[in-house]
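J.: I have a structure I would like to understand better, so I am pasting it below and will then ask my questions one at a time.
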Amino acid sequence: MEGMGLKSRIKSLIFACCSVLSIGGLAAFATSKQNEKICEKVSIKIDNEYNNYFIGDSEVRGLLTREGERKLEGLPNQNIDLKNLEKRIESHKFVRDAEVYRGLDGNIQVFVKQNRPIARIIRQDQDVYIDAEGNILPLSDRYTARVIPITKSAQLKPTDRGFFRDSLGHSYLSLLQFIENDEFWKAQLAHMHIDGRGKVSFLPQVGEHTIEFGKPEKVEEKFKKLAILYKKVLPTMGWDRYKRVNVEFEDQIICE
């Protein structure tokens with residue numbers, strides 16, 4: 001009985017090994033057949049979740065083909081380096097992430113996710129954008145983002161070159177992220193200024209007043225106070241009633 005059990009286990013082991021070899025062989029065969037397929041079409045999809053149009057199909061196709069020098073259509077799959085193609089697309093400043101893969105038919109599929117600017121830094125030489133992670137992006141001839149412009153005091157270090165990446169600058173980035181994600185304040189605030197003491201002020205789209213926000217602290221609490229003024233007081237009292245609105249101090253709004 002013991003010998004029969006041993007023989008049974010050996011047979012099971014041999015069967016399992018043969019199954020593994022068969023599956024491996026089929027996978028290798030499938031890969032070989034896939035590599036022999038010819039790319040007949042390149043499909044490009046660009047994510048415009050935030051209605052950004054900084055890069056289009058023609059720009060992506062130019063990156064893929066080195067501006068038409070090496071077309072993908074007509075090439076066998078084995079001659080197409082997908083990772084290299086992804087790196088080429090991601091070299092574009094306005095591309096956050098790219099995926100390049102081949103379908104079962106051998107054709108190439110491309111998915112591009114764009115960077116999202118959340119503010120425009122006004123400079124004497126050349127303005128730049130800043131994205132949600134604090135990265136600096138150049139302006140684009142193709143598209144102008146509708147984001148809040150920022151000016152700053154000359155006493156502060158440059159607002160590019162890592163300003164928004166240190167511990168202090170991150171609080172300003174969090175403020176910008178809050179504005180970008182709030183439809184009301186994104187539409188209402190026309191300009192942001194950072195003075196030499198690091199305090200923030202805003203100019204609104206409607207009204208002649210200046211909003212003195214103070215340091216970028218307790219952001220949500222300050223905007224809640226502002227919301228009461230904007231939604232309940234100013235529509236009744238008049239949008240030009242005040243020249244100065246201060247929400248810097250806790251539990252109070254100063255209007256003059």
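J.: For R244, what is the net charge nearby, where nearby means another residue's Cβ is under 14 Å from its Cβ and Lys, Arg count +1, Asp, Glu -1? Mind dumping the intermediate values first?
T.: Values: positive: K199, R241, K243; negative: E208, E212, D240, E248, E256.
Within the 14 Å Cβ shell, the charges total -2.
J.: Please compute the net charge surrounding I118, taking Lys and Arg as +1 and Asp and Glu as -1 over other residues with Cβ under 10 Å from its Cβ.
T.: Details: positive: R116, R120, K186; negative: D131, E133, E180.
Its environment carries a net charge of 0.
J.: Rounded to the nearest 5, what % of DSSP beta bridges with both residues in the range 38-114 are antiparallel? Write out the running numbers ahead of the final one.
T.: On the way: 8 of 14 bridges.
If I count the DSSP bridges inside the range 38-114, around 55 percent turn out antiparallel.
J.: Output ³J(HN,Hα) for the range 239-244: one whole-Hz value per residue in order, computed from phi by the Karplus curve 6.51 cos²θ - 1.76 cosθ + 1.60 with θ = phi - 60°, and x for Gly and Pro.
T.: In residue order, the calculated couplings are 6, 9, 5, 10, 9, 9 Hz.
J.: What Kirkwood radius, in Å to one decimal, follows from the Cα pairs of the range 137-256? Don't skip to the answer; put the middle values down first.
T.: Values: mean 1/r = 0.0655 Å⁻¹.
Computed over Cα pairs of the range 137-256, the Kirkwood hydrodynamic radius comes out at 15.3 Å.
J.: On average, how much accessible surface per residue is there in the range 136-219, in Å², for a 1.4 Å probe, leaving out ligands, DNA and RNA?
T.: 52 Å²
J.: Do you know the relative contact order of the range 113-182, to the nearest whole percent, from alpha carbon pairs under 8 angstrom that are 6+ apart?
T.: Working: 79 pairs, mean separation 20.5, N = 70.
Relative contact order comes out at 29 percent.
J.: Which percent of the accessible area of the range 117-255 is formed by carbon and sulfur heavy atoms (probe 1.4 angstrom)? Walk me through the numbers on the way to the answer.
T.: Working: 3590 of 7500 Å².
The computed percentage sits at 48.
J.: List the residues whose amide H sits under 5 Å from the amide H of T210, counting only those 5 or more places along or on another chain, with H placed 1.01 Å from N in the peptide plane.
T.: R244, V245
J.: Over the range 49-113, what per residue volume does the convex hull of the Cα atoms give, in whole Å³?
T.: On the way: hull volume 5.9 nm³, N = 65.
Hull volume normalised by residue count: 90 Å³.
J.: Shifting gears a bit: Separation between the Y53 and R70 pseudo-spin-labels, each 7 Å from Cα along Cα→Cβ, expressed in nm?
T.: The two pseudo-label positions are separated by 3.2 nm.
J.: Further question on the same structure: ³J(HN,Hα) across the range 41-49 via Karplus (A = 6.51, B = -1.76, C = 1.60, θ = phi - 60°), whole Hz, x for Gly/Pro?
T.: Computed from phi, the couplings for the range 41-49 are 8, 10, 9, 10, 10, 10, 6, 10, 4 Hz.
J.: Tell me, in nm to one decimal, what length is gained between S174 and R146 on full extension, where the rule is 0.36 nm per residue of separation less the Cα-Cα distance?
T.: Details: separation 28, 0.36 × 28 = 10.08 nm, distance 1.84 nm.
Result for the pair: 8.2 nm of gain on full extension.
J.: Can you check what the net charge comes to around S171, using other residues whose Cβ is under 11 Å from the Cβ of S171 (Lys, Arg +1; Asp, Glu -1)?
T.: Numbers: positive: K215, K218; negative: D166, E217.
Value of the local net charge: 0.
J.: Explain nothing, just compute: Karplus ³J(HN,Hα) = 6.51 cos²θ - 1.76 cosθ + 1.60, θ = phi - 60°, for every residue of the range 193-208 in order, whole Hz, x for Gly and Pro.
T.: My calculation for the range 193-208 gives 10, 10, 7, x, 8, x, 8, 9, 9, 10, 10, x, 5, 10, x, 9 Hz in order.
J.: Measure off 7 Å from each Cα along the Cα-to-Cβ vector at N181 and R96, then give the distance between these two points in nanometres to one decimal.
T.: 1.2 nm
The values are calculated or read from the model by the stated rules, or taken from the named source; none is laboratory data. Note that this is a predicted model, so its numbers are computed, not measured. Neighbour counts run over all protein chains shown; Cβ positions are idealised from the backbone, glycine included. In case anyone asks, the SASA skips ligands and DNA or RNA and just uses the protein heavy atoms, side chains included. Shrake-Rupley method; radii C 1.70, N 1.55, O 1.52, S 1.80 Å.
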